[in-house]
Amino acid sequence: MSLVKKDVRIRILCFCFLSRLLLWDCDDRSYSYYVEVSANQRDWDVVCDRARENCKSWQTITFPKRPVVYIKIVGTHNTANEVRSRLPFFMLSLDAFLSPFF
């Protein structure tokens, strides 16, 4: 059985160093995920790996300041649905904190 991952890609043009995302928190489910950033949508760097954690509600992600054009959030697991071909990942909000200087 192959693992199908769902991801969300957001395009921004900035120097980024911190982001926050809100995961669905109106029940007992939790999520696992990782976050990658890219300046060209070809070369991706993992800036946060929570693929083996059970995460809920607001998540704060910090990383060294870098040029970012794309942020990719990949949901790898949730506790509400064990069917790997259907992994709903409910992200309600994303805040990216930007810096005008590198």
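Any residue that is part of a strand (DSSP E or B), surrounded by 12 or more Cβ atoms within 10 Å (Cβ to Cβ), in contact with a Cys (Cβ under 6 Å, 6 or more places away or on another chain) and modelled with pLDDT under 70 - is there at least one of those in segment 83-92? Scanning segment 83-92 turns up no residue that is part of a strand (DSSP E or B), surrounded by 12 or more Cβ atoms within 10 Å (Cβ to Cβ), in contact with a Cys (Cβ under 6 Å, 6 or more places away or on another chain) and modelled with pLDDT under 70.
Candidates in segment 29-52 are the residues that are among the charged types (D, E, K, R) and more than 13 Å from the chain's Cα centre (by Cα); of these, the one that is farthest from Val69 (Cα to Cα) is Arg29.
Could you count how many residues in segment 47-79 are without any contact (Cβ under 8 Å) to a residue 40 or more places away in the chain and either in contact with a Ser or Thr (Cβ under 8 Å, 6 or more places away or on another chain) or of a type in the set (Val, Ile, Thr) (or both)?
8
Filtering segment 22-39 to residues that are part of a loop (DSSP other than H, G, I, E, B) and not polar (S, T, N, Q) leaves Trp24, Asp25, Cys26, Asp27, Asp28, Arg29, Ala39.
Identify the residue in segment 40-79 that is part of a loop (DSSP other than H, G, I, E, B) and in contact with a Phe, Trp or Tyr (Cβ under 9 Å, 6 or more places away or on another chain) and, among all such residues, is surrounded by the fewest Cβ atoms within 10 Å (Cβ to Cβ).
Asn40
The values are calculated or read from the model by the stated rules, or taken from the named source; none is laboratory data. A quick note: this is a predicted structure, and the numbers were derived from the prediction, not measured. Heads up, the Cβs are rebuilt from the backbone with ideal geometry, glycines too, and the neighbour counts pull from every protein chain shown.
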